[in-house]
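The values are calculated or read from the model by the stated rules, or taken from the named source; none is laboratory data. Note that the structure is predicted; figures quoted are calculated from it, not measured. All Cβ positions, even for glycine, are placed from backbone atoms using ideal geometry, and neighbour counts span all protein chains on display.
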Amino acid sequence: MSHVFPRHCHSDLPTAVRGDGCFLVDAQGKRYFDGSGGAAVSCLGHSNARVASAIKDQVDRLAFAHTGFFTSDPAEELADLLIANAPGDLDRVYFVSGGSEAVESAIKLARQYYVEVGQPQRRHLIARRQSYHGNTLGALAAGGNEWRREQFSPLLVDVSHISPCYEYAERQPDETVEAYGARVADELEQEILRLGPDTVMAFMAEPVVGATLGAVPAVAGYFKRIREICDRYGVLLILDEVMCGMGRTGHLFACNADQVAPDILCIAKGLGAGYQPIGAMLSSRKIYDAIRDGSGFFQHGHTYLGHPVAAAAALAVVRELLDNDLPARVAERSADFAGMLHARFGQNPHVGDIRGRGFFWGIEFVADRDSKTPFDARLGLAGKLKKAAFAEGLVCYPMPGTRDGKSGDHVLLAPPFVASDDELAGAMDSLARAVTTVLEQVESL
Ligand code: PLP
């Protein structure tokens, strides 16, 4: 009997024993294409020799030194490399162990910044509905995913949520893309004014919404307007690129596509690429300087901050990404990826939308294409798709539609950047078979 506490208590999971390029292999020898990268983690596949050897070298040299006493070469080199490639005036990197920790750190940094600069009344955070920022309590409060928040709501701090930028479901038929982007961005200004401009500390958003909507980028101009509104009211812009960053959308940092630079940027998943648990919060010079010249101490921390082995792994990952120009390769291959998706799913009457960027795509399923009505949640379409795809040897990331009925069940695809065209085509064939099976099942009910 297993003593592991699994997330799904009644699931009977196979044992993964080996990674082989873009495939995971279980104890029975069955191979699974990693079509979601383990929730957009595995950007380099599972057997990258350079990363493996960087980890071993670092363990042999120094496994751990607490950041209360020491810095380390890999953490310093990784920070330099990230900052050399980062947008705007991001200047300092705070290394943590994952995405939720990066988001928690960002919220606390925003708050401490305003305490340091003598504006302690700034305490409000604004974020967006249909977003996900992590499962720890601060990050969960920032996210707008009702299903994840529901039972914990009495424990969550108050965060305002405005509309996401979700063109497929929310742009009106007579509205231009530009007018739509401006309308939803302006909700931020309205909320700042409602709360009182001098009480708002930060706005948080994912440049491409991942785990709640399934790879939804904002329309052109949206984030530019968001940046202007933040600047007008002295509100810090926190971008959460935990899922969409590190080359996933065809840029090392996803916000490059939107031509905005945040005050604080969170990254994780692709940074460690699954080889080590690591996340990071990048802070602008202005924020870091305010703390350095104020109390001189960021009142936040974890034992494993800047873990040398995690940093060494991430340093090798980022070098691998940059030396092989992988973000640019992902950008070049994005149209082919989209083409394959449209060829297989575009004509399906239950596919409402196919959207994404780079190697980060979502397929949204609807009961009725014209009215965009989602399937009844009780059908459990996402769960059925996950199971059917897994049986076909494909790991993908299906998610149920949102509680407000505005988005339908969808499948997120985020394969490793090193996947070949044949591997991608094979994965899409597996998904197409799974979709056919599940839709037949659902329609016969
Ligand atoms: N932020 C975003 C955008 C995410 O997608 C996730 C995880 O999916 C998180 C934060 C939380 O990251 P982690 O699961 O590493 O704590």
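Structure notes:
- Just one residue in the set L109, L82, L78 is under 21 Å from A142 (Cβ atoms), touching a residue at least 40 places away in the same chain (Cβ under 8 Å), in the same structural domain as A127 (by TED's automatic domain parsing) and surrounded by 20 or more Cβ atoms within 10 Å (Cβ to Cβ); that residue is L109.
- Which numbered condition S407 fails, given (1) of a type outside the set (D, E); (2) buried (at least 24 other Cβ atoms within 10 Å of the Cβ); (3) within 16 Å of L424 (Cα to Cα): (3)
- Hey, G21 buried (at least 21 other Cβ atoms within 10 Å of the Cβ), under 22 Å from V330 (Cβ atoms), at pLDDT 95 or above and not assigned by TED's automatic domain parsing to the domain that holds A261 or not: no
- Wholly within the range 3-86, helices (runs of 4 or more DSSP H) carrying at least 1 residues that are farther than 28 Å from C396 by Cα and acidic (D, E): 49-61, 73-85
Residue-by-condition table, conditions (1) touching a residue at least 12 places away in the same chain (Cβ under 8 Å); (2) within 23 Å of S72 (Cβ to Cβ); (3) not in a helix (DSSP H, G or I):
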{"residue": "M281", "(1), (2), (3)": "yes, yes, yes"}
{"residue": "G296", "(1), (2), (3)": "no, yes, yes"}
{"residue": "T303", "(1), (2), (3)": "yes, yes, yes"}
{"residue": "A316", "(1), (2), (3)": "yes, yes, no"}
{"residue": "R329", "(1), (2), (3)": "yes, no, no"}
{"residue": "A335", "(1), (2), (3)": "no, no, no"}
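- Residue that is modelled with the lowest pLDDT [pool: residues in the range 189-214 that are under 15 Å from G144 (Cβ atoms) and surrounded by fewer than 24 Cβ atoms within 10 Å (Cβ to Cβ)]: A211
- The set of residues in the range 116-142 being away from the ligand (no atom under 13 Å from the Cβ) and of a type in the set (A, V, I, L, M) consists of V117, L125, I126.
- Verdict on D289 being out of contact with any Ser or Thr (no Cβ under 6 Å at 6 or more places or on another chain), more than 15 Å from the ligand (Cβ to nearest atom) and of a type in the set (D, E): yes
- Matching residues, the range 132-170, being at pLDDT below 95 and in a loop (DSSP other than H, G, I, E, B): G144, N145
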